[in-house]
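Trainee: One structure, pasted below without further comment.
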Amino acid sequence: MFEGKHLLLVATKAGYQTRMFAEAAGALGVRCTLATDRCNRLDDPWGDRAVAVRFQDPIGSLPTLRAAGPFDAVTAVGDRPTLLAALCADHAGLQFHPPHAVEAARSKYLSKERFRAADLPLPWYGRYRLEEDPSAVVPYPCVLKPLVLSGSRGVIRADSPPEFRAALDRIRRLLSEGEIRRMKNEQNKFVQVERFIPGMEFAIEGLVTGGEVKVLAIFDKPDPLDGPYFEETIYVTPSRQPKTVQDDIVRTVQRAAEALGLRHGPLHAEVRVNPEGVWILEVAGRPIGGYCGRTLRFDGGMTLEELILRHALGEDVSSVEREPASAGVMMIPVPKAGIFRAVSGLDEARAFPGIEDIIISAKPGQQLKSYPEANSYPGFLFARGDDPLLVETALRNAHRALRFEIMTELA
């Protein structure tokens, strides 16, 4: 069906998720061209024949992509590549989210502005320059979020003016680090402050077709995410919430996707739920990141990556459903900052019923940072079973069996 088709995959790096997309494309008979932000003077250092582009200059990168085409479909992995993918699709007349929609989705501030215009429930929020000190005027408790960073990196809760000033100083130091300072992004001069929303947190994975969201999975996050930092840990699906709550989540995500203008492609959303209702934290026009997509399997064992590619290539996937089994992943928390040496207890952890796989992604000698400065996890645990609670229990038991050897930098 797809033999001879040409896919453009725009991705931040040649990691696990990129390989999964490339393998899915190969299995479908699709030629896959990778475009990634790397030096165009290096002679294919990763051996993937990727096209070198600049995510900070998406307009300037379009001629390079046009020369690599024509393409039959476009998709993106990660937040930063989505704008270039959207522009390329727009210029080529291919289906994807519009550029204005992914640009808003990538911005904590612009997305909040669009949600407010759509009359979605929102906490108080404000945007401030890093040199400002609004600690006397913001509501407490509140959460400080660097605009230039994604995920939970640099996100800190403050319950008082002294805590606010300490958090702001910590964010300033983080944004002054070389890798972030070199981004040359106007957003790294700002911090967003939002009133803290209590409640349970959920992640939603979906596909958007013609503006309509098909929810593929709702993940419960059973660990409380109350701060002061917001390191992700366990995701389990299907959700154990009542159908009424799940329906409210789906309706709110649909409204948020419409507010942003997302039209065609993957969607990943984060929400909080409390007695006041469903609160949108973010909606992104890209799939769940990294290894976490391995938790999702669909009809016939189809992977999330294959499903996204089939959708991008024009196949009707409206009837595709997630497998009936429960599944979960634990993003292993960083035990402490320092130099990773080794991990033991893997055999014991793998022996727990329900554990499907363990991936230790940290390499010996790698520096690990704890949250809120961290930008990676030391590894991932995967479980599958007949019941979400059993899956969660398996992940917790396996995690307790692992012992990480980390040398503090002062040692």
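The values are calculated or read from the model by the stated rules, or taken from the named source; none is laboratory data. Predicted model only: the values in this text are computed from it and were never measured. Backbone-built Cβ (ideal geometry, glycine too); neighbour counts: all protein chains shown.
Trainee: Within region 195-228, work out how many residues are in contact with a Cys (Cβ under 9 Å, 6 or more places away or on another chain) and not in a strand (DSSP E or B).
Mentor: Result for region 195-228: 1.
Trainee: Looking at L147, L110, can you tell me which residue is among the aliphatic types (A, V, I, L, M), modelled with pLDDT under 95 and more than 30 Å from P70 (Cβ to Cβ)? Even if it seems obvious, please write down each step before you answer.
Mentor: On the way: L110 fails: modelled with pLDDT under 95.
It is L147.
Trainee: Would you mind stating whether E212 is at pLDDT below 95 and either over 23 Å from F298 (Cα atoms) or more than 19 Å from the chain's Cα centre (by Cα) (or both)? If you could, list the steps in order and put the result at the bottom.
Mentor: Details: at pLDDT below 95: no; either over 23 Å from F298 (Cα atoms) or more than 19 Å from the chain's Cα centre (by Cα) (or both): yes.
Answer is no for this residue.
Trainee: Determine the pairs where a residue that is more than 18 Å from R341 (Cβ to Cβ), located within region 366-383, has a partner that is surrounded by 20 or more Cβ atoms within 10 Å (Cβ to Cβ) and among the basic types (K, R) with Cβ atoms under 9 Å apart, the partner being 6 or more residues away or on another chain.
Mentor: If the second residue must be surrounded by 20 or more Cβ atoms within 10 Å (Cβ to Cβ) and among the basic types (K, R), the pairs left are Y371/R153; P372/R153; E373/R153; N375/R153; F380/R294; F382/R294.
Trainee: Pick from S376, S344: which is surrounded by fewer than 17 Cβ atoms within 10 Å (Cβ to Cβ), polar (S, T, N, Q), in contact with a strand residue (DSSP E or B) (Cβ under 9 Å, 6 or more places away or on another chain) and closer than 26 Å to T237 by Cβ? Walk me through it before giving the result.
Mentor: Values: S344 fails: closer than 26 Å to T237 by Cβ.
S376 is the lone residue from the list that is surrounded by fewer than 17 Cβ atoms within 10 Å (Cβ to Cβ), polar (S, T, N, Q), in contact with a strand residue (DSSP E or B) (Cβ under 9 Å, 6 or more places away or on another chain) and closer than 26 Å to T237 by Cβ.
Trainee: Kindly list the number of the only condition in (1) at pLDDT 95 or above; (2) touching a Phe, Trp or Tyr at 6+ places or on another chain (Cβ under 8 Å) that fails for R403.
Mentor: With (1) at pLDDT 95 or above; (2) touching a Phe, Trp or Tyr at 6+ places or on another chain (Cβ under 8 Å) applied to R403, the lone miss is (2).
Trainee: Only one of (1) in contact (Cβ under 8 Å) with a residue 60 or more places away in the chain; (2) surrounded by fewer than 21 Cβ atoms within 10 Å (Cβ to Cβ); (3) under 30 Å from Y377 (Cβ atoms) fails for Q95. Which number is that?
Mentor: Failing condition for Q95: (3).
Trainee: In addition: So, P238, is that one within 18 Å of the chain's Cα centre (by Cα) and in contact (Cβ under 8 Å) with a residue 12 or more places away in the chain or not?
Mentor: Numbers: within 18 Å of the chain's Cα centre (by Cα): no; in contact (Cβ under 8 Å) with a residue 12 or more places away in the chain: yes.
No: the conditions fail for P238.
Trainee: Might you check whether a residue that is of a type outside the set (S, T, Y), out of contact with any Phe, Trp or Tyr (no Cβ under 8 Å at 6 or more places or on another chain), surrounded by 18 or more Cβ atoms within 10 Å (Cβ to Cβ) and over 29 Å from R165 (Cβ atoms) occurs anywhere in region 188-203?
Mentor: The answer is no, given that none of the residues of region 188-203 is of a type outside the set (S, T, Y), out of contact with any Phe, Trp or Tyr (no Cβ under 8 Å at 6 or more places or on another chain), surrounded by 18 or more Cβ atoms within 10 Å (Cβ to Cβ) and over 29 Å from R165 (Cβ atoms).
Trainee: Quick one: which strands (runs of 3 or more DSSP E) lie wholly within region 271-370 and hold at least 1 residues that are of a type outside the set (S, T, N, Q) and under 21 Å from the mean Cα position of the chain (by Cα)? Lay out the reasoning, then the answer.
Mentor: Working: elements: 277-284, 326-331, 338-344, 355-360.
Because the criterion is at least 1 residues that are of a type outside the set (S, T, N, Q) and under 21 Å from the mean Cα position of the chain (by Cα), the strands (runs of 3 or more DSSP E) in region 271-370 that meet it are 277-284, 326-331, 355-360.
Trainee: Something else: Examine region 261-269 for a residue that is in contact (Cβ under 8 Å) with a residue 24 or more places away in the chain and either over 22 Å from A312 (Cβ atoms) or in a helix (DSSP H, G or I) (or both), and state whether such a residue exists. Before you say what the answer is, go through the steps one by one.
Mentor: Residues of region 261-269 in contact (Cβ under 8 Å) with a residue 24 or more places away in the chain: 261-269.
Restricting the remaining residues to those that are either over 22 Å from A312 (Cβ atoms) or in a helix (DSSP H, G or I) (or both) gives none.
No: zero hits.
Trainee: Would you check which residues across region 88-122 are farther than 20 Å from T18 by Cα, more than 19 Å from the chain's Cα centre (by Cα) and assigned to a helix (DSSP H, G or I) and list them?
Mentor: Scanning region 88-122 gives D90, H91, A92, H100, E113, R114, F115, R116, A117.
Trainee: Looking only at region 113-142, filter to residues that are among the basic types (K, R) and touching a Lys or Arg at 6+ places or on another chain (Cβ under 9 Å); which one of those is surrounded by the most Cβ atoms within 10 Å (Cβ to Cβ)?
Mentor: Applying the first criterion (among the basic types (K, R)) to region 113-142 yields 114, 116, 127, 129.
So of that shortlist, the ones also touching a Lys or Arg at 6+ places or on another chain (Cβ under 9 Å) come out as 127, 129.
On the way: R127: 17, R129: 9.
The residue in question is R127.
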